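What follows draws every value from the coordinates through simple rules; no lab data is involved. Just so it is clear, the structure is predicted and the values come from calculations on it, not from any experiment. Here the Cβ positions follow ideal geometry from the backbone for every residue, glycine too, while neighbour counts run over all protein chains shown.
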Amino acid sequence: MIIEVEGNMVSAEWLKRTEIFGELDEARLTTLLSQSVVKSYSERESIFFQEDEATHLYILIKGAVDLTVKTQEKIDFMTSKIEKEGAVFGTASLMEPFRYNVSAICLKPSEVLVLDALLIRRRMEDDPRIGMEIMKKLASIYFNRLNSMRAGITNLFKMLKMKTP
């Protein structure tokens, strides 16, 4: 199965090259793809909001998406910028309590593959080895984004420290 998006092919082979599905065979990838849809979003359009029920996993085809956290003080704090083809977001859809822990807003017009998270979770339960591989990839994504955020905060504090007399 192949989905075409403005000249870009979204196939099982493409899905295998994404951040998360490298360990799945073509049959499983085709099943996931058959239950997926490609959506277009405009600049500044929200894909989902922090605390919404997390029902879908998203994979960037093209564009850029800002992931932000709203603090208790109601201030948006950017945590990650997703702009690499094949980057995954909405990963909270695969982990309890199945609520998005960030909001996703497009920084420019974007094309996104939208996958049914319940289908993925069922496949993970049916094949624990695949489930473990997906969870290892999720952990890696989280740690990489956390380290990136920490580096950004450290740099911000350094800049603020330099500006104070």
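Quick notes on this structure:
- FRET efficiency for PHE157 and MET95, using Cβ-Cβ distance with R0 set to 45 Å, rounded to 0.05: 0.90
- Helical mean residue ellipticity (222 nm; -39500 (n - 2.57) per DSSP H run of 4+; nearest 500) of the chain: -12000 deg cm²/dmol
- Under-5 Å amide H pairs with LEU107, H placed in peptide plane, nonlocal only: ARG44, ALA64, VAL65, ASP66
- Along the axis of the charge dipole computed for the chain (Cβ charges of +1 for Lys and Arg, -1 for Asp and Glu, origin at the Cα centre), the listed residues SER40, LEU160, VAL114 are led at the positive end by LEU160.
- Karplus (6.51, -1.76, 1.60) ³J(HN,Hα), θ = phi - 60°, over the stretch 29-35, in Hz, Gly and Pro reported as x: 5, 5, 4, 4, 5, 5, 9
- Residue exposure proxy: ILE20, ILE141, ordered by other Cβ atoms within 10 angstrom of their Cβ from fewest to most, comes out as ILE141, ILE20.
- Semi-axis lengths, largest first, of the ellipsoid equivalent to the chain are 30, 18, 15 Å, with √(5λ) applied to each eigenvalue of the Cα gyration tensor.
- Positive minus negative residues near PHE143 (Lys, Arg vs Asp, Glu; Cβ under 12 Å): +4
- Subtracting the Cα-Cα distance of SER42 and GLU125 from their residue separation scaled by 0.36 nm leaves 26.4 nm.
- Of LYS62/LYS161; LYS39/LYS137; LYS137/LYS161, pairs whose Cα-Cα distance is over 27 Å: LYS62/LYS161; LYS137/LYS161
- Eligible aspartates and glutamates near LYS70 by straight Cα distance, threshold 12 Å, same-chain separation 8 or greater: GLU51
- Around the amide H of PHE48, modelled in the peptide plane, lie the amide H atoms of ALA104, all under 5 Å away and 5 or more residues distant in sequence or on another chain.
- The residues neighbouring GLY22, those whose beta-carbon lies less than 14 Å from its own, together hold a net charge of 0 under the Lys/Arg +1, Asp/Glu -1 convention.
- The residues packed around TYR100, meaning those with a beta-carbon under 9 Å from its beta-carbon, carry a net charge of -2 if Lys and Arg are +1 and Asp and Glu are -1.
- Less than 5 angstrom separates the built amide H of THR79 from those of LEU67, THR68, VAL69, all sequence-distant by 5 or more or on a different chain.
- Projecting the Cα positions of ILE59, PHE49, MET95 onto the charge dipole of the stretch 26-138 (unit charges on Cβ atoms of Lys, Arg, Asp and Glu, taken about the Cα centre) puts ILE59 furthest along the positive direction.
- Fewest-first sequence of SER110, SER40, SER140, SER103 by Cβ atoms within 10 Å of each Cβ: SER140, SER40, SER103, SER110
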